[in-house]
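Novice: Before I ask anything, here is the structure I am working with.
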Amino acid sequence: MTDKKKELGRLLMEDFPKNPDGVQQEMHSGMAQYLIMMDDICRCTACGKRFRADQIEHNDHRRMCHCPECCTYATVILSRYRFSGTIIEGEQHYVVFLSSPDTDYLYVSCFDCTVYFAQHSDTPIYDFLETQRYIFTENQAFRYGHDHYY
Ligand SMILES: [Zn+2]
């Protein structure tokens, strides 16, 4: 890569557009959802509501059932079968495509999304890590990010 191309790539990355509002919420809703049961209270990760555990169809650990509040089909997690410390439950990869109204450039962001559960909590932690960025112009492509991500 020439110095001129490197400089152009650097300038383009500085102007990389911000993700529009709601993108992270959309990624969250695309991830696996859970009904986390602690004692007699159940919490749905899709709608965030808590309700009595006897309101769901069954209470079998790792089986799927519907949230009585939002009807999302989710995996039941019984806290008594859980773990000590923090575990990684699932990962998902997302690609966000953005175009600019001012140019014909295509901007691409790649995200690695992970959901964690911590002991004694019915609220999972969602981690959204941007791993790669690409810019496609009329005749060139630029990439920024770690080499070991896919
Ligand atoms: Zn729900």
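Novice: Is it the case that residue 56 is out of contact with any Phe, Trp or Tyr (no Cβ under 7 Å at 6 or more places or on another chain) and in contact (Cβ under 8 Å) with a residue 60 or more places away in the chain?
Specialist: The answer is no for residue 56.
Novice: Before we move on, is residue 9 among the small types (Gly, Ala, Ser), touching a residue at least 24 places away in the same chain (Cβ under 8 Å), more than 22 Å from residue 136 (Cβ to Cβ) and more than 13 Å from the ligand (Cβ to nearest atom)?
Specialist: no
Novice: Can you tell me which residue is modelled with the lowest pLDDT among those in the stretch 73-104 that are buried (at least 16 other Cβ atoms within 10 Å of the Cβ) and within 16 Å of the ligand (Cβ to nearest atom)?
Specialist: Among those that are buried (at least 16 other Cβ atoms within 10 Å of the Cβ) and within 16 Å of the ligand (Cβ to nearest atom), it is 77.
Novice: Quick check on this structure: which one of 112, 127 is within 30 Å of residue 50 (Cα to Cα) and modelled with pLDDT of 90 or more?
Specialist: 112
Novice: Given the structure, is residue 124 of a type outside the set (A, V, I, L, M), within 16 Å of the ligand (Cβ to nearest atom) and more than 21 Å from the chain's Cα centre (by Cα)?
Specialist: No; evaluated as a whole, the condition is false for this residue.
Novice: In the stretch 59-72, which residues are under 16 Å from residue 31 (Cα atoms) and near the ligand (Cβ under 10 Å from one of its atoms)?
Specialist: Those that are under 16 Å from residue 31 (Cα atoms) and near the ligand (Cβ under 10 Å from one of its atoms): 66, 67, 70, 71, 72.
Novice: I need the full set of residues from the stretch 111-140 which are farther than 11 Å from residue 91 by Cβ, β-branched (Val, Ile, Thr) and in a strand (DSSP E or B), in order please.
Specialist: Scanning the stretch 111-140 gives 125, 131, 135.
Novice: State the number of residues belonging to the stretch 27-72 that are loosely packed, with under 13 Cβ neighbours inside 10 Å and closer than 24 Å to residue 94 by Cα.
Specialist: Of the residues in that region, 3 qualify.
Novice: Ok, one more. Is there any pair linking a residue in the stretch 16-45 that is touching a residue at least 40 places away in the same chain (Cβ under 8 Å) to one that is in a loop (DSSP other than H, G, I, E, B) and of a type in the set (D, E, K, R), with Cβ under 7 Å and at least six apart or on different chains, and which?
Specialist: If the second residue must be in a loop (DSSP other than H, G, I, E, B) and of a type in the set (D, E, K, R), the pairs left are 36/122; 38/122; 43/122.
Novice: Could you please let me know if residue 138 is at pLDDT 85 or above and under 18 Å from the mean Cα position of the chain (by Cα)?
Specialist: When the stated conditions are applied, residue 138 does not pass them.
Novice: Further question: So the check is Cβ under 8 Å with 6+ separation or different chains; which pairs have a first residue in the stretch 64-78 that's under 10 Å from residue 44 (Cβ atoms) and among the acidic types (Asp, Glu) and a second one that's outside any strand (DSSP E or B) and more than 8 Å from the ligand (Cβ to nearest atom)?
Specialist: Listed by first residue and then by second, the contacts come to nothing, as the list is empty.
Novice: Considering only residues of the stretch 12-58 that are at positive phi and under 17 Å from the mean Cα position of the chain (by Cα), which is farthest from the ligand (Cβ to nearest atom)?
Specialist: Filtering first and then ranking leaves 22.
The values are calculated or read from the model by the stated rules, or taken from the named source; none is laboratory data. Quantities reported herein were computed from a predicted structural model and do not represent experimental measurements. Quick reminder, even Gly has a Cβ in these numbers, built from the backbone with ideal geometry, and neighbours come from all protein chains shown.
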